[in-house]
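The values are calculated or read from the model by the stated rules, or taken from the named source; none is laboratory data. Since we're looking at a predicted model, the values are computed, not measured. Please note: Cβ atoms are built from the backbone with ideal geometry, for glycine as well, and neighbour counts cover all protein chains shown. Keep in mind that these areas ignore ligands, DNA and RNA; they rest on the heavy atoms of the full protein, side chains included. Shrake-Rupley method; radii C 1.70, N 1.55, O 1.52, S 1.80 Å.
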Amino acid sequence: MRYIKNNILCGVLTLCAAMSLSSCGDDFLKEDAGHKVTDLVLETSEGAEKMAAGLYANLRWHFGYEWAYGITLYGCDEFTNGADLTAEPWNTYDQRLNPLDCTPALGAANGNCPGVSALWDEMYYGISTANLVIARSVNVEDETNRNQFVGEGYFLRGYNYYRLFAQYGGVVIQNEPLVGEIKKDYTRATEEQTLNQVISDFEKAYELLPLKSPGNRGTAGWTRYAAAHFLAKALLFRQSERCSSWNQAYNKEEDLNRVIELCDEVIAARPLAENYSDLYANWTGIDCANESLSEILVSAQHGDDNVKGRFGNRTYNYFSPQFSNFSGGWVKRGAYIGEMDFQRCRPTEYTYSSFDNVNDARMWKTFKTVYGLNNIAFTKKLTDENGKEIKDNDGNNIIVYDREKVANDNGIDINAVPNLGDQGIIFILNKKDDPRFLDEDTYGTYGRAGQPHTFVNPETGKWVPNAFPVYLGREYVLNTYGVNGNPAQSNVFCGINKTADGTRTAEKGDAHRDVIIARTGETYLVKAEAQVRLGQYQEAIETVNILRARAQWKKGEDRSYYTDGSMAFLKADGGDNNNSTMNNNSNCVNGSGKALKMSEAYYASHLHKNTYYLSTGIEETTDPSNLQIESYRELPAEDEAILDAIGATGDYERMLNFIFNERTRELLGEWNRWEELSRAGLLVKRARAFNPEASGIQEGKHELRPIPQTFLDMLQNPDGSNLSAEQKKAMQNPGY
C-alpha cells in the first residue's frame, strides 16, 4: 500500500495548493486562483494519477474526530452516551441539535462537539476535488488510465452525495468545477434529484472502474465491485420508506432486482473472509495482510505516513469503557492497550441481548470482556512487629503488596487476592433468564473496585477487582455500576474491539490501521433486505444464513480465546513488529512499587481470554455451533424478544426488523447505523424502544439533520441580495 500512500501525499499537497483545507460557509465549493497548479498536474497521466489518488484522503476525514460516531452511531438503538457528554446532543436530540454548530457557549459540554456543518462542508470539499479530476482527466491519453481516474472521481462524488443525501435529504448539486469564482446563489435540489445524482455517479463509476485495483493500491483502490455495492445501496434507498412520498415513479421490482443482481456480482467476486476475527480482531500491524482481505471493498487508508489531513485515525478512542477511572487503579491505560478509554459509545441493553451468546462467535470476537490486572493498586511499607519501617541495604523503604487490605476490604480469603496478569476487569454477558444470576448470589456479589464485593471467579479461584454481569434477578444492571451513579451516563460497559491498535507509540497518538467503509458482509444484508422488500422472505433467510454460517463456532475452535489489535504491540504475541516503546517504563507498578516495562504491562493487560463459559454456563466444548434459521415464520428467540418490544407484526415488518437485528450482529459499530435506520423508517421507533437517552427524538423531524446555518447565511439571490428569513426557512429541513 506504500504506492497509494505516496500518491495520496502528492495529491493532497497539490490540492492544498488549489484550495483551502478548512471549510466554512463562504468557502462553499470555492476554487481559488491556485487551480492553475492543478491544471498543470492533470495534463499528464502521472499527475492525474496523483490527483486521483489524492481523492482517497477525503475518506480519512470521516474517522478523524468526534463526528466519526456522533453523526453515524449516536441517537440510534445500538449505542448511547457514556459519562462523557462531548457529542451528547446527537444522542439525546435535545434543543442543542439545531442548525447552529453546538459550542460551549450554546450548551456543548466542551469544544469538541461535532458541528452540524462538519459533514456538509467536508463532503463538498470532496465533491469539488472530484469535479476537478473528472473535468481534467480528459487530458490523459491512455484510455485505461483515463477510465480509472474518471471512475474514481465519479465514485468519490457519488459517495459524498450519498452521505449528504442520507443525512440531509435534498442538497445542492454542483458538478462543474468553479474555477476562480465564488458562487453564492445556489438552490437546493429535491430529494429525488439528489438521490438520482448519486445513482448516476455510481453507475458511471461502475462502468469505468476496473475489476481489480491497479498497481499496489490495495483495498483503497476503488473497483467495479465497490461501485456495485454502493449502487445497490443507493437503489435500495430509493425503494425505502424515507423516499415513499415520491418513489412510486420508479419501478420497485426493477430497482430491487437490480440490487440483488449487483449484490450477487459482488458476492461472487469478493468472498467473505473465512474467520470473522480476521476482519477486526486479528489485526497484527500496519499494512498487515488482513487489511487486504477480499471481503474489504472500500477502506480509509492509514499507515505510518504523515499525511493525515487535519486529523488522523482517532477511532480507537470511542468504544472502550473508562477503565482507568473506575478500576480502582488495578487497570491502567497506555499504548500497550490498543484503545483509549474515552467511553463515548456505550452499547445498549438491546445490543447485548441481540446476540445468541452461546452459538454466535461474532459476539466473542467483537466484545472485549476481560482486561488483565496490570497495576498493583495497594502497596504498603514493610514494618517489623513494632511498627518500625524496614529498609533495604541502601536505606530505602521496602514496599510490599498489601494483600491483607484487599482481603479485608472485600471479605475474601487472602489466597484469592489476585496478582499481576490475573483478571482485573470482567464483563459477564449473561442472558436475562440465566438461573445462576436470578435469586441468589451464586458467585458472590459484584461491583467495581470502589464497591466492596466478594466475586471470586470459579474458573481462576481469584477475586476480580471489577466484575460486572449484564443481568441480575432478570434486571438489566450493567448500567448501574458507573462512578457517578447515573445509569444514563455510566462509564462502565462492555465495549467492542473493532478499532484497537497496538502500534500507537503514545497514549493519545493517532492509530495506523485502516478503517473499513464497506465489505461483502454488508452486501449480503443489502441483498437480503431487497428480498424482504420483494416479499421473498424465505429467500432472505437463506441469504442471511450464509453470513450466520461464518458466525458459527467451527469444530475445534477455542471459545474462550480472545484477541484484538492490541496484539500488534509485540511480535512475540502475534504482531508483525515490536512497538518502539516496548522497553520504556510504563505507568504500571508491581507489588514492590517498581515500574513495569511497557512489554511487561502489555502481557499483564492482554490475556487472550474472554468470559464465554462464565457468561453462558455451558460445559467446555470444541463442537461446532449452529445459527441456521429454518423458516422466516420462526425466528431466533433473541429476535422474537426484540420484535415483541417494538410491536412488530406482519411478515414484512418482522422481517425488515430482523434484517436490522442481523445488521447489529454483523456490522456493530461500523459507522452507518443512523443512516440505515433513517432510510428504512425505523429510526424513531427503535431509538425510543432501546435508547433511553434518545428521549428528545421526534418523528417527522429527526430523520434528517438540519441544514447548517453557516451555509444558509452565506447564500445570496442572483441580484446579490441576502436571503430573507422566509427563504432560509424554505431551504431548511422540517422542524428546525
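For the chain, what is the mean residue ellipticity at 222 nm derived from helices alone (per DSSP H run of n ≥ 4: -39500 (n - 2.57); sum divided by total residues; nearest 500 deg cm²/dmol)?
-10500 deg cm²/dmol
Using the Cβ atoms and a cut-off under 14 Å, what net charge is assigned to the surroundings of ASN317, where Lys and Arg are +1 and Asp and Glu are -1?
Neighbour charge sum, excluding ASN317 itself: +1.
In terms of Cα to Cα distance under 18 Å, which aspartates and glutamates are near enough to LYS50, apart from those fewer than 8 places away along the same chain?
Answer for LYS50, where 18 Å is the Cα cut-off: ASP39, GLU141, ASP142, GLU143, GLU152, ASP305, listed by chain and number.
What's the FRET efficiency of GLU141 with TYR613 using the Cβ-Cβ distance as r and R₀ = 60 Å, to the nearest 0.05?
It comes out at approximately 0.40.
Could you state the orientation-averaged shadow area of the convex hull built on the Cα atoms of region 119-235, in nm² to one decimal?
In nm², the orientation-averaged hull projection of region 119-235 is 7.6.
Using the Cβ atoms and a cut-off under 14 Å, what net charge is assigned to the surroundings of ILE426, where Lys and Arg are +1 and Asp and Glu are -1?
Once positives and negatives cancel, what remains is +2.
Could you give the length gained on full extension between SER631 and ASN397, defined as 0.36 nm per residue of separation minus the Cα-Cα distance, in nm?
77.2 nm
Would you kindly state how much longer the chain becomes between TYR476 and LEU382 on full extension, computed as 0.36 nm times their sequence separation minus their alpha carbon distance, in nm to one decimal?
29.5 nm
Accessible area per residue, 1.4 Å probe, Å², for the chain: what's the number?
About 36 Å² of surface per residue is accessible.
Once you keep just the Cα pairs under 8 angstrom separated by 6 or more residues, what percentage relative contact order results for the chain?
Relative contact order comes out at 19 percent.
Mind checking which lysines have their Cα closer than 20 Å to the Cα of LYS252? Skip sequence neighbours fewer than 8 apart in that chain.
By straight Cα distance, LYS252 reaches LYS233, LYS527.
GLU507's amide H: which non-local residues (gap 5+, or another chain) put their own amide H closer than 5 Å, with H modeled 1.01 Å from N in plane and none for Pro or chain starts?
ALA335
GLU638: net charge of surrounding residues, Cβ under 10 Å, Lys/Arg +1, Asp/Glu -1, itself excluded?
Here the count lands on -2.
Rounding to the nearest 10 and keeping the result within 0 to 90°, find how far the Cα-based axis of helix 224-238 lies from the longest principal axis of the chain.
Roughly 80 degrees, rounded to the nearest 10.
Could you tell me the calculated FRET efficiency between GLU507 and ASN251, based on Cβ-Cβ distance and R0 = 41 angstrom, to the nearest 0.05?
0.15
Based on alpha-carbon atoms only, what is the radius of gyration of region 499-639 relative to the globular estimate 2.2 N^0.38 Å?
Ratio of Cα Rg to 2.2 N^0.38 Å: 1.47.
Taking 0.36 nm per residue of sequence separation and subtracting the Cα-Cα distance, how much length would be gained by fully extending the chain between SER721 and ASN484, in nm to one decimal?
80.1 nm
Using θ = phi - 60° and the Karplus curve 6.51 cos²θ - 1.76 cosθ + 1.60, what whole-Hz ³J(HN,Hα) does each residue of region 462-476 get, with Gly and Pro shown as x?
With the stated coefficients, region 462-476 comes to 10, 5, 10, x, 9, 10, 9, x, 6, 10, 9, x, 6, 10, 6 Hz.
Leaving ligands, DNA and RNA out of it, report the carbon-plus-sulfur percent of the accessible area of the chain at a 1.4 Å probe.
The C+S portion of the solvent-accessible surface of the chain is 47 percent.
Taking 2.2 N^0.38 Å as the expected size of a compact globular protein, what ratio does the Cα radius of gyration of region 163-203 give against it, to two decimals?
1.26
Å³ per residue of the Cα convex hull, for region 375-476?
Hull volume over Cα atoms, normalised by residue count, gives 114 Å³.
In nm, to one decimal, how far is the modelled label at ASN577 from the one at GLN193, with both set 7 Å along Cα→Cβ?
Result: 5.1 nm between the two label points.
Convex hull over the Cα atoms of the chain, averaged projected area in nm²?
33.9
In whole Hz, with x marking every Gly and Pro, tabulate ³J(HN,Hα) for region 63-76 from phi via Karplus 6.51 cos²θ - 1.76 cosθ + 1.60, θ = phi - 60°.
10, x, 6, 4, 5, 3, 9, x, 8, 10, 10, 6, x, 10
Past 28 Å, Cα to Cα, is the threshold; run LYS431/LYS554; LYS204/LYS365; LYS431/LYS609; LYS368/LYS701; LYS431/LYS508 against it and keep the listed order.
LYS204/LYS365; LYS368/LYS701; LYS431/LYS508
In degrees from 0 to 90, rounded to the nearest 10, what is the angle of the helix 191-208 Cα long axis to the longest principal axis of the chain?
In the chain, helix 191-208 runs at an angle near 90 degrees to the longest axis.
Can you list residues whose amide H is under 5 Å from ILE428's amide H, if they're 5+ apart or on another chain and H is modeled 1.01 Å from N?
Those qualifying (amide H under 5 Å, at least 5 residues apart or on another chain) are PHE468, VAL470.
Determine ³J(HN,Hα), in whole Hz, for all residues of region 83-90 in sequence, where each value follows from phi through the Karplus function 6.51 cos²θ - 1.76 cosθ + 1.60 and θ = phi - 60°; x replaces Gly and Pro.
Karplus values, whole Hz, x for Gly and Pro: 6, 7, 10, 3, 10, 3, x, 5.
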